[in-house]
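First up is the structure itself, then whatever we jot down about it.
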Amino acid sequence: MLDILIQNGWVCDGTGKPGYAADIGITGDVITYIRKDEEGGSAEKPAAVQVIDAKGKTVTPGFIDPHTHVDMSVLSEPAMEPYLKQGVTTVVTGNCGYSPAPQGAETLYYSDLDLAFLEEAGAGDEDMNPLIFDREQGAAALKHRYGVTLDWNTFDEFTAKCEQMSLGCNMAPLVGHSAVRTAVMGKDCLREVKEPELVAMEEAVRLAMEAGAFGMSTGRDPLYLPGPYADDCEIRRLLQVVSDYDGVFSSHTYNYNGTDAPDRMGGYAEMFRQAAGLLLKVNVSHVHVMNMAEDGEAAAQAAKKTLNYFDQMREGGMDLTYDVIPSAMCADFTQVSFGYFIKPLVKLAGTRAQLAQRLRDPAFRELVHAMIADGQLPALDAESDTSWLPEFCILQHKNPIYKGRQLPDIAQELGLSLTDSMLALFAEDPDMAADLVSPDFEEAVDLLCKAPYAMPCSDGSSYAKESNLTGDGEIPLFPNSMNIGYIPRYLNRYGKGADTSCDFCSFEEAVRRASGFVAERFAVAGRGVIREGNFADLVILDRERLRSFDEEENPLQDPAGIDYVFVNGKPVMRQGTFIGGGYGRVLRKGER
C-alpha cells in the first residue's frame, strides 16, 4: 500500500519534456509509482493511506535554489519557511566564499546583521559585512544571542550538527574559500598566504570534499574578507582539489578591480582564468549588470556583452553556467528605511526622526562629512570609487516626486552633491527607503534569465519574512523579496505563466531550469526530477493562482498558488497552509 497517492495531476517532471497526466505514489521518502493517464484513467488505482486529488493542478519536482546563504542562519532558524512556501525543497549553501565551516582556533567566521550580536561579537558600527570575529568573543555572542554553541571546527562536524536539527529543506553545501582561509591563517588572514598555510588549506578543502561538499565557492569583492587577498595561484591550488572530486566552482566575482574601479567583466575573466584547464563545473553567482550601465538601454547592451563573453568561454570548452536573481527590483534585503545604511548616524542621534531633525543643523552636517572622511559611513562616501550612491534608487518617500528615481537624477535636479542630496532627502523624510536596485534594468534581467545555461536563484537565507534582521526597530531590515517568491515570479514571467510578455520557453522548461537542471549541475542525486526511485520532493501548484508579490507595495507576502509541498515524502504545505515538519536532510555529494 502506498503512503500517499497524488492522482489526476498534470506532471511537469523536471526534464523539460512535455507535461502529462499521471498519478504519483509515495512510499516512505521515495516515489514508488507513476502511471501516465494515457488510457483515460480506466486502470484501477492502487490503495493508499492518503489520496490527494490534483485535478486541474500541476505537479512538479521540489525546486532547488543554487544560491543561498541558509547555512549562515540555519542554526537559529532551521525551519526554512520562506523556501518551503514557494516550493523549494533543496538549497545550495556556502556561496560567495562564506560557510560556517571550517572554523579556526583564533576566529569565528560568521555573518549576521543582528546589531546586538555584532556589538557583543566586536564589530564596529562602520562594518557593513562583518565576518571575522575573535573566536572566544564571537562564540560568547553566538551563545548569548541565539543559544548556539560553537562546538565544531571541521566541515564534517558542522554538517553533523545541522543533521541534529529539524531542517525544513535539504541542504547541499559548498565549502567557502574565505572560511578555509580564515580557519588556517587565523586573525592574520589579510595578507598573502605562505606555502605551509596553503598546504593546510588544500587539506581543509580535501577534508570538506571527502565529507560530501558539492564544491567550493569564492567571494572576490573588497568587502568579502579575506577572499580578495588570495591570488590566482592560491585559488587554482584549491580548485585542483575540488577538480579531483568532480566538484563545482561557484564565485561571487569581483565588481571592482584592484584599483577600486568598476570592472565586472574583469571579475568574470579572473574566475575563468583561475578555472582554466581544470576539470571543473564553473558556475558564476547571481549575474547582473549593476555598475555596467546608467539606464535600461545600456543595461540591456551590458547583458548582451556579458552573454557574448560567456558564450565565447563555453565555445572554448569551459563547462560554464550561472545563476541569476529574476528581478531588477530585488536587492540583498528588503529595505523599509534608509536608516540601515547610515546606522552609525541613527545610533548617534537616537532615532531616525531625531537624526532627520539634526541634519537640518549645518554644524551636524559638518560632523557627518567628517565621519564620512574617516571611513565611518561608507554608504555615503561619494569620493570612493566603490561608492554606492550612484546606484541608489528611492523606493519610498513622502514626497512622491522622488519615488522610483535614481539618486544621481535627483541630485542634478537639486543642484547638490550625491551625499548632500541623500542627507537632504532623509532630513525631509526619516522613513524614506532606498536601495541598490534599478527598475529600468528589467530588460537586462530578462536577457540574463533567457540563456539556456542560466538558473534562477534567491540569494536568500532561512529567516521568515517577518524577521527584522537587525533586531532594531529604528534600523529595520527584512529578507529580500526573492527569498519569499523567486519561484512563482520566475515561472510566471518566463514559463508562459500569467504574464506572457516575456516568456521564452515552455512552462515545463522553466520548471526544469529551477529543478532538474540545478540537480544535474550540482550533482544532487535522486532529486530535481519526478521518476520512480527518486526522493519524493514534490510540489502541487495551481497555475491559475500562482503569484508572487514582489512588485507590490508590500513585497513580503507569501506567494499564492502553492497548494502542497512534500520533502522526503512528508507534507510541509497542505492545501496552501504551511505546516512545517523538519524533514530536510544534509546531502552529501556522491550519496543518495
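Gap in Å between the Cα centre of region 1-56 and the Cα centre of region 554-591? Here the two parts' Cα centres lie 19 Å apart.
Pull up the cross-link candidates among the aspartates and glutamates for Lys45, meaning alpha carbon to alpha carbon under 18 Å and not fewer than 8 places away within one chain. Lys45 reaches Asp3, Asp23, Asp37, Asp53, Glu532. Panel values: region 1-114, Kirkwood radius from alpha carbon pairs, Stokes-Einstein at 25 °C and 0.890 mPa s, translational diffusion coefficient 143 µm²/s.
From the alpha carbon gyration tensor of region 359-406, can you work out the equivalent ellipsoid semi-axes (sqrt of 5 times each eigenvalue) and give them in Å, largest to smallest? Could you put the intermediate results ahead of the total?
On the way: eigenvalues 104, 55, 8 Å².
That gives 23, 17, 6 Å for the three semi-axes.
Summary of packing: across the peptides 528-534, 168-174, the per-residue average of other C-beta atoms within 10 Å ranks them, highest first, as 168-174, 528-534. Between the alpha-carbon centers of region 134-155 and region 266-338, tell me the distance in whole angstrom. Distance between centres, Cα-based: 35 Å. Projecting the alpha carbon convex hull of region 313-441 along each direction and taking the average yields 10.0 nm². Of the peptides 64-73, 237-246, 573-582, 2-11, the order by per-residue mean of other Cβ atoms within 10 Å, starting with the highest, comes out as 64-73, 2-11, 237-246, 573-582. The Cα trace of the chain gives Rg and Dmax of 23.9, 83 Å, the first to one decimal, the second as a whole number.
Normalised size of region 182-329, defined as Cα radius of gyration per 2.2 N^0.38 Å with N residues, equals 1.09. Would you tally the net charge around Val74, using a Cβ to Cβ cut-off of less than 14 Å, leaving Val74 out, and scoring K and R as +1, D and E as -1? Residues close to Val74 contribute a combined charge of -4.
Ordering Met185, Leu131, Thr218 by Cα displacement along the dipole of region 117-226 toward the positive end leaves Thr218 in first place; charges were set at the Cβ atoms of Lys, Arg (+1) and Asp, Glu (-1). Using alpha carbons only, how many angstrom separate the centre of region 191-208 from the centre of region 517-542? One Cα centre to the other: 35 Å. For the peptides 403-413, 98-108, 471-481, 285-295, the ranking by packing is 98-108, 471-481, 285-295, 403-413, with the highest mean count of neighbouring Cβ atoms within 10 Å listed first. Listed by chain and number, the lysines whose C-alpha is less than 25 Å from the C-alpha of Lys403, apart from same-chain residues fewer than 8 away, are Lys343, Lys465. Exceedance of the 24 Å cut-off in Cα-Cα distance is limited, within the set Lys36/Lys589; Lys17/Lys496; Lys57/Lys450; Lys55/Lys496; Lys187/Lys281, to Lys36/Lys589; Lys57/Lys450; Lys187/Lys281. Each DSSP beta bridge with both residues in the chain is either parallel or antiparallel, and the antiparallel ones are about 55%.
Our summary gives region 335-435 a relative contact order of 35 percent, counting only alpha carbon pairs under 8 angstrom and 6 or more residues apart.
Computed over neighbours whose Cβ is under 12 Å from that of Gln301, the net charge equals -2, Lys and Arg +1, Asp and Glu -1.
Both radii come from the Cα set of region 539-592: Rg as radius of gyration, Rh as Kirkwood radius; their ratio Rg/Rh reads 1.10. Using just its DSSP H runs of length 4 or more, each adding -39500 (n - 2.57), the chain gives a mean residue ellipticity at 222 nm of -9000 deg cm²/dmol after division by all residues.
Take every Cα pair under 8 Å whose residues are at least 6 apart in sequence, average their separation, divide by the length of the chain, and the relative contact order is 21 percent.
Bear in mind that the values in this text are calculations on the coordinates, not laboratory data. The structure presented is a predicted model; accordingly, all values stated were derived computationally and were not measured. Note that we place each Cβ from the backbone using ideal geometry, even for glycine, and neighbour counts take in every protein chain shown.
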